[in-house]
Amino acid sequence: MLLRSGRRLPTLEEAARATVPRRRRRARSDLFACLPEEILLEILVRLPAKSVLRCRAVCQLWRRLASAPAFLLDHHRRQPELQLISSYRTADGGDDFPRMEAVHLQGAEFRPFFKFPELFRSYFRIDDSCDGLLVIGGYICNPATRQCSPIRANPNLGIGNLVGLFRHQPSGEYRVLYWRQSNLPFDPFDVYCPDEYRVLTVGTNKSWRVDSCTLRWRGTRFFGAPVLLNGILHMHWRVVYHRIIVFDTVAETFRYMRPPPVNPSHAMQLFDMGGTLAACTNKDGMSGMRIFMLQDREHGVWAFQYRIELPVMDIRRFHEQGDFWAKLGSDEGDVLVSCYGHLLHCDKKGNLVANYKYDDDLPVVLPHKLKESLVQHPFFDKTED
């Protein structure tokens, strides 16, 4: 039935259908209200971060359970590791600014993409990630909570060239390692350091210099993302030969580590394989990959694990001509292949598992991963105040 205003009154059948879900929702909420807190916690801790935030609005009990510090730490530990992808998806009618998406390879699903605020429109490079936090152009961000804060208390000071973000275990502080050109005067009787490496506590202006003169390298040749294991940052450095530089975040010392047997002209990618340092090597990004695992940290002994053969014939169905780029996507041997308009997911046996279609020409597989976190940090509180 139409009114003079043009609005239509619902029919009896439509009105009846509209009232049924309300009774069902009321019955469903009564059912959850009868559950013990232990069972509620087991349910909430397995949900994605976005679902947990919505559950906090259900009632005061759920808000209390889903906001407790112990719950937030347990929730973060159980989250899957998501591979980050940058793209220019425009199918949703959005703008042409770059966006970041997170793909859960084991679940074969995309998590909601993260659209950066206006602050990052002119700078889209992710410098590092750690514990669900991202460093982007002098700012530290939590995509799960949409929080953002300058790394320095005074953002005008800047941090130079960032190497890695880490959590300092003794103090619990988050710190960054960065480098800048040395402003120390040249001393002919001392070892000259062309670059100065410094550590900064996130959210403060407190920084200090760490000794790196014994290595004598220039810091502009780091490749990929550093791997943080047991308080140790492992960085891939390359000029002619591959090298691994190790930074102890507690002792604040540098040293070299012997890399796996890799041809100097081949590509190498460091990654975390179940708590152990591992490396993936390939010739040109389009051929098979070899996986090595570190066996002896002190002596730099590596062991070959397995080889991944790419399904080139299947890939050429989506990318007939030109180069494509394959990168290791997980510690279980999953490989992501960037093609024009497609992102292909292959397992370590060379089987094509999934095909994600893209509107832009070439999705970029970033060297960083993300585990969603709702843990609260004091440097975000300072910004909100």
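If I ask for residues that are farther than 16 Å from HIS368 by Cα and assigned to a strand (DSSP E or B), which ones from segment 158-175 would you list?
Once the filter is applied, which keeps residues that are farther than 16 Å from HIS368 by Cα and assigned to a strand (DSSP E or B), segment 158-175 yields ASN161, ARG167, TYR174, ARG175.
If a residue has to be in contact with a strand residue (DSSP E or B) (Cβ under 9 Å, 6 or more places away or on another chain) and closer than 26 Å to TYR174 by Cβ to count, how many in segment 230-249 make the cut?
13
Report whether or not LEU362 is under 16 Å from GLU101 (Cα atoms) and part of a loop (DSSP other than H, G, I, E, B).
The answer is yes for LEU362.
Mind counting the residues in segment 203-221 that are at pLDDT 90 or above, out of contact with any helix residue (DSSP H, G or I) (no Cβ under 9 Å at 6 or more places or on another chain) and part of a loop (DSSP other than H, G, I, E, B)?
Of the residues in segment 203-221, 1 are at pLDDT 90 or above, out of contact with any helix residue (DSSP H, G or I) (no Cβ under 9 Å at 6 or more places or on another chain) and part of a loop (DSSP other than H, G, I, E, B).
Taking segment 51-100, which residues are assigned to a loop (DSSP other than H, G, I, E, B) and at pLDDT 80 or above?
ARG56, ALA57, VAL58, CYS59, ALA66, SER67, ALA68, GLN79, PRO80, GLU81
Mind counting the residues in segment 286-306 that are farther than 15 Å from ASN263 by Cβ and touching an Asp or Glu at 6+ places or on another chain (Cβ under 9 Å)?
Summing the residues that are farther than 15 Å from ASN263 by Cβ and touching an Asp or Glu at 6+ places or on another chain (Cβ under 9 Å) in segment 286-306 gives 1.
Let's see how each residue does on (1) buried (at least 20 other Cβ atoms within 10 Å of the Cβ); (2) of a type in the set (Ser, Thr, Tyr):
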residue: VAL250; (1), (2): no, no
residue: THR253; (1), (2): no, yes
residue: SER265; (1), (2): no, yes
residue: ASN282; (1), (2): yes, no
residue: GLY288; (1), (2): no, no
residue: GLY300; (1), (2): no, no
residue: ILE308; (1), (2): yes, no
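Listed here are the residues, each with its yes/no results for (1) of a type in the set (D, E, K, R); (2) in contact with a helix residue (DSSP H, G or I) (Cβ under 7 Å, 6 or more places away or on another chain); (3) at pLDDT below 90.
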position: PRO311; (1), (2), (3): no, no, yes
position: ARG317; (1), (2), (3): yes, no, yes
position: GLY322; (1), (2), (3): no, no, yes
position: LYS357; (1), (2), (3): yes, no, yes
position: ASP360; (1), (2), (3): yes, no, yes
position: GLU372; (1), (2), (3): yes, yes, no
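Restricting to segment 255-283, and then to whatever is of a type in the set (Val, Ile, Thr) and in a strand (DSSP E or B), can you tell me which residue is farthest from the chain's Cα centre (by Cα)?
THR281
Being at pLDDT 85 or above and surrounded by 18 or more Cβ atoms within 10 Å (Cβ to Cβ) is the filter here, so list the residues in segment 146-161 that pass it.
CYS148, SER149, PRO150, ILE151, ARG152
The values are calculated or read from the model by the stated rules, or taken from the named source; none is laboratory data. Note that this is a predicted model, so its numbers are computed, not measured. All Cβ positions, even for glycine, are placed from backbone atoms using ideal geometry, and neighbour counts span all protein chains on display.
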